Amino acid sequence: MDALTEAGPLAEEGLLADVGPLTEEGLLAVWEAGRGQDPLRRALVLAAAGGGDPAAVADLAVGRREELVLGLRVRCFGPGLPCAVTCPSCRTELELELTAADVTAAAPEGERVARAGGFELAFRLVTTRDLLAVRGAPRAAARRALLRRVVTSAVADGLPVAAEALPADVLEAVADALAARDPQADVRLDLDCAECGHAWTSPFDASGYLWAELDAQARRLLHDVHALATAYGWTEAEVLAVGPERRQLYLELVTA
C-alpha cells in the first residue's frame, strides 16, 4: 500500500515501538476493532496496534499511550502531518504542514510532587483507566474525581490527609503538576492566522488524527475489495494479495 511507509527519523529517538507499519490486513483488523468504539477505547486499540500490551495499555500514562499512537502513525503514513484549522476570529481555513516532531513533547524528569496551601502531595500520571472511571460524571465532578484518583499520598502539618478531604485549590495544584509532568497527554499548538493576525492555542489529538486516516484508508480498501470481488469473484484475501499498482489497473479495467 503506497500510503504505508517506513518509520521516519523519530525511530532513533525511541518514540516508536518495535513494530512495523500495518499491512492492509492489519489496517482493516485495527479499523474493525476500533469502529463503533468511543474515542478513549479507540485510542487503546490504536496504542495496542502501535506496540502496547493489550492487557496493560489502559494502565499506561496517557502521554505514553499517545506516544505509541503517534509512533504507529509515523510508521504507517510518515512523519508529515498535514492539518486544516479554522481561525476562531475570522473563520478563515488555514492549512498547516506539521511534523511528528512538532507534536512530540518530552516529559521532564523529577519527583511527582505538588505543594499548595500547606499540603505536600505525591501523585501518579493519569491513565486511560482513570479517564474511563470518571466518564459520564458532570465535568467539574469528573475533574475532581480524576485528580483524587491520582493522588498517592497527601500530608499537611506532618499528618496524612485522605485524597477525598483535599480542598479544591490544592487539587488544582495537582492538575498543574500533571500537565508539566506528562505534556504528551495534552499537546497544545500555538497558532496565528495569516489573514487577521489572531493568535490562539489549539489541541492536537494524535489518536483522533490517526483514526481519521485509518478510517478513510479502510473504506478505500473495502471499496476496492467490493469492486474486484464483484467483477472477478475474488475473496477479500485474494484482492489484498494483489499489489496496489496492479490492483489499480484492475479497478480501471472494471470501471472502463
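In the list ARG143, ARG148, ARG139, which residue meets the criterion of being out of contact with any helix residue (DSSP H, G or I) (no Cβ under 7 Å at 6 or more places or on another chain) and either within 21 Å of ALA58 (Cα to Cα) or of a type in the set (Val, Ile, Thr) (or both)?
Exactly one residue qualifies, and that residue is ARG143.
Those residues that are over 30 Å from the mean Cα position of the chain (by Cα) and outside any helix (DSSP H, G or I), I need them from region 225-248; list them, please.
Answer for region 225-248, where residues must be over 30 Å from the mean Cα position of the chain (by Cα) and outside any helix (DSSP H, G or I): GLY233, TRP234, THR235, VAL242.
Going by the structure shown, is VAL126 buried (at least 18 other Cβ atoms within 10 Å of the Cβ), without any contact (Cβ under 8 Å) to a residue 40 or more places away in the chain and under 29 Å from the mean Cα position of the chain (by Cα)?
Judged against the criteria, VAL126 is not a match.
Out of all the residues in region 90-105, is one or more in contact with a helix residue (DSSP H, G or I) (Cβ under 8 Å, 6 or more places away or on another chain) and farther than 30 Å from VAL30 by Cα?
no
What's the total number of residues in region 208-256 that are in contact with a Pro (Cβ under 7 Å, 6 or more places away or on another chain) and buried (at least 16 other Cβ atoms within 10 Å of the Cβ)?
Number satisfying all stated conditions: 0.
Results for (1) loosely packed, with under 11 Cβ neighbours inside 10 Å; (2) within 22 Å of the chain's Cα centre (by Cα), shown as yes or no for each residue.
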position: ARG73; (1), (2): no, yes
position: GLY80; (1), (2): no, yes
position: ARG91; (1), (2): yes, no
position: VAL113; (1), (2): no, no
position: ARG148; (1), (2): no, no
position: LEU159; (1), (2): yes, no
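Taking the condition over 14 Å from ALA206 (Cβ atoms), in contact with a helix residue (DSSP H, G or I) (Cβ under 8 Å, 6 or more places away or on another chain) and modelled with pLDDT of 95 or more, does LEU131 pass?
Answer is yes for this residue.
What is the residue count in region 99-111 for residues that are closer than 24 Å to LEU159 by Cα and either among the hydroxyl-bearing types (Ser, Thr, Tyr) or surrounded by 10 or more Cβ atoms within 10 Å (Cβ to Cβ) (or both)?
So the answer is 0.
The values are calculated or read from the model by the stated rules, or taken from the named source; none is laboratory data. Everything numeric in this text was worked out from a predicted model, so none of it was measured. Here the Cβ is made from the backbone with ideal geometry for all residues, glycine too, and neighbour counts use every protein chain on show.
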